[in-house]
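Worksheet: one structure, shown below.
A short reminder: the numbers here are calculations on the coordinates, not readings from a lab. These numbers come from a predicted model, not from an experiment. Note: ideal-geometry Cβ built from the backbone for every residue, glycine included; neighbour counts use all protein chains shown.
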Amino acid sequence: MTLQFIASQFKREILVKKIKNGIVKNGIACLKVKTIEDPQYLKDINQPIKSEENTFFSSPYKCNVHYFKSNELLNLFYDMQIRFYQEYSYLDKSHGTPHYHGVAEIIVEKNKE
């Protein structure tokens, strides 16, 4: 399960807290999520069902998907050591017709107990 498939902001925050608590001292966590720069977002934004801001039912995934705003993922980990953060688009040729994804990636480290 990834954060983008958790439709409720409240539940995403609970999951982030569990991720943070599950990291041992000097351990790391790596996350990658879709952003509002993902072309699928522009298709999903027109869906009649919107559960929360930037969270829609996505036909390709057959579930709710949350698309992260710029720095939204970064802000969830404000209290950890950020080792890497990047937002970008890439061409996905791994399945079906080649298409782009907008993503955010973060690597965080826990330095204290």
Could you state the angle between the C-alpha long axis of helix 9-22 and the longest principal axis of the C-alpha atoms of the chain, as a value from 0 to 90 degrees rounded to the nearest 10? 40
From DSSP H assignment alone, runs of 4+ in the chain each adding -39500 (n - 2.57), the sum over residues rounded to the nearest 500 puts [θ] at 222 nm at -6000 deg cm²/dmol
Tell me the label only: which of (i) 14.8, 46; (ii) 32.5, 103; (iii) 23.5, 73 is Rg and Dmax of the Cα atoms in Å as calculated from this structure? (i)
Taking the Cβ of I49 as the centre, find all other residues whose Cβ is under 14 Å away and add up their charges (Lys, Arg: +1; Asp, Glu: -1). 0
With point charges of +1 on the Cβ of Lys and Arg and -1 on the Cβ of Asp and Glu, referenced to the Cα centre of the chain, which listed residue (I23, I106, I49) lies farthest in the positive direction of the dipole? I23
Could you work out how much longer the chain between H101 and I49 gets when fully extended? Use 0.36 nm per residue separation minus the Cα distance between them, nm to one decimal. 16.5 nm
Can you flag which of K17/K69; K50/K110; K17/K93 are past 24 Å Cα-Cα? K50/K110; K17/K93
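Using the count of nearby Cβ atoms within 10 Å as a rough guide to exposure, how do E72, E105 rank from fewest to most?
E105, E72
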In debye, nearest 20, what is the charge dipole magnitude of the chain about its Cα centre with +1 on Lys and Arg Cβ and -1 on Asp and Glu Cβ, if you could check? 380
Relative contact order for region 3-109 using alpha-carbon pairs under 8 Å, separation at least 6, rounded to a whole percent? 34
